[in-house]
Each structure stands twice: as C-alpha cells, then as structure tokens.
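Since every read-out is calculated from the coordinates, none of them should be taken as a lab result. For clarity, every value in this text was computed on a predicted model and none was experimentally measured. Don't worry about glycine lacking a Cβ; one is built from the backbone with ideal geometry, like all the others, and counts go over all protein chains shown.
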Amino acid sequence: MDGLRGLAISGVVLVHVSQAITALSAHSLNIAEYGAKGVQLFFVISGFTLGIAYLNNDLSMISFYTRRFFRIAPMFYAGLIIYTFLAALGSVRFSGTSDDPITILLTLAFMHGWVPEAVNKGVPGGWSIAAEMSFYAIFPALHYFFKNSGAVTYLISIIMALIIGLLSYTILKNFSYSDAVLENNFHFYFWITQLPAFVIGLAASQLRLWLIKPMAVIALYGATALIIYAAISKSVFRISLSPFSFFQYLLLRYQLFVQDLLRERF
C-alpha cells in the first residue's frame, strides 16, 4: 500500500504545483489535472485498509472511532488554527479561508462537508477530510453489510455505490449556491458523491481472496476498471477524455492496485 499512497500523494502535489506555474502548456496542464484523482485513490486505499483490518473481525465502535479520530484530528486541527489565524489577520485568504465562528465550529466537528459555504473555508482542501470522516461515521453499517458476504455482493455493492454517487452529483449540481466556486465544486466535494471510491476499496479488500482464480483476475481487472472509469469520467468527475486515453490511465492505476494485492496474497 505504501507505493499506492506515494502515487496518490505525488498526484495531489503535481496538480497543486501545476496551478502555481503560469508558464505550463495546456498539454502539460491536462496531464497534471489527472493528479487530482490522487484524492480518490486515497479513498480507495482507506476503504481497503479498513476492510483488511475490520471486515473479518468484530468491531469495537469505541476503539474504532478513537483510533480514527486521533489519526485525523491532530494535524487537521493544527491546520485549522493556522488558517484561522491567517484569515483573522487578513493577510492571507488562501482559497477563501474564513475566521467565521460557524465555519470554525463546523470544521471542528468535521461537519463542514455538509454545508456548502463551509466545505473548504476552514482548511483549504478540507472537503476531503470531511468526506473521510463521513465514511468513518457510516463504517459500522458497512461493516455489518459486508461481513461474511460473497464476491457477488461486493461487486453489486460497487455498482450500487456508483449509482448513489451519480445521483448525489446530479441532484446537488442542480442546486443554487452562494458563489461560483461552490457552483462548480460542491456537488463533487460532497461525501456521497465520493462514496464509490471508498466502497471499491472495501470490496477489493475481500475480493483479494478471490484473486487466486485466473479468470477472476481477468474479470476483476476488466469489470472494476470499467466501473472506476464510469465513476470518474467526464459525466461524474469533470475530467475530459483526452487523446491521451484516460481509460488507459485508469487501467494502469488499477493494475498497480491489483498487482499490489497479488503481492500481498502470494
């Protein structure tokens, strides 16, 4: 998993660095934009590691939530303090950061992802943390659903998550928001829109046991690559399908994921 985490981090760094460089060609920017999908790869990895740790074991909710909180909260709260201080000074308002008390309280409670005006105002990029914490909130229900289920159930759950994510995206896109940034992004930031990535990770954590069958490897490569392709294509995640073959890019990323699973398996 460390290699995949490195790939995800590199992608996120790539897209943010590219936004700060004005001399990049449109061609280079188009490639760099793919780095934004590192966030979704993080969600897949998160679902996978939680599935490995918990789906075949009993779940202690107190222990689970305590571990998840202290994994996320310390650094996130440190970022909130820093950006709130800078916003109060008025010297830096990166990405529209705000010292509004309601925004701060929502961010402290990890509820900022539910409120369009607060989703990215406490900590820039904080929408991904809100999504991750929302996944943790529903994990006990997913644990109950997935535990002792079979391969067919996992594959169906991926398809259902994609449908739910697409509905979330479509419905929220039709709402009116207070500014152009939210108009273009909140329907993408919302955690239910991102849910397919987390569910794919959970399902893959159990489907890895199925990978010992050669035809299963072929089926899983093909079916899941198509599913991921549908989930983050232009119709859902606003990525244009360029001549560089976005589909091949997804296949490469998913192949890296499956190869990592196979190494762990054997």
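With a Förster radius of 25 Å applied to the C-beta separation of S149 and H16, the computed FRET efficiency comes to 0.05. Across the stretch 128-138, coupling constants 3J(HN,Hα) worked out from phi with the 6.51/-1.76/1.60 Karplus curve, θ = phi - 60°, read 5, 5, 4, 5, 4, 5, 5, 4, 4, 4, 9 Hz, and Gly and Pro carry x.
Going by C-beta contacts inside 10 Å, put K147, K121 in order with the fewest on the left. Let's see the in-between values first.
Details: K147 14, K121 26.
In increasing order of surrounding Cβ atoms, one gets K147, K121.
With a Förster radius of 22 Å applied to the C-beta separation of D179 and A109, the computed FRET efficiency comes to 0.45.
Just rank W127, W114, fewest to most, by other beta-carbon atoms within 10 angstrom. Each step should come with its number before you reach the end.
Numbers: W127 22, W114 14.
Least to most surrounded, the residues fall as W114, W127.
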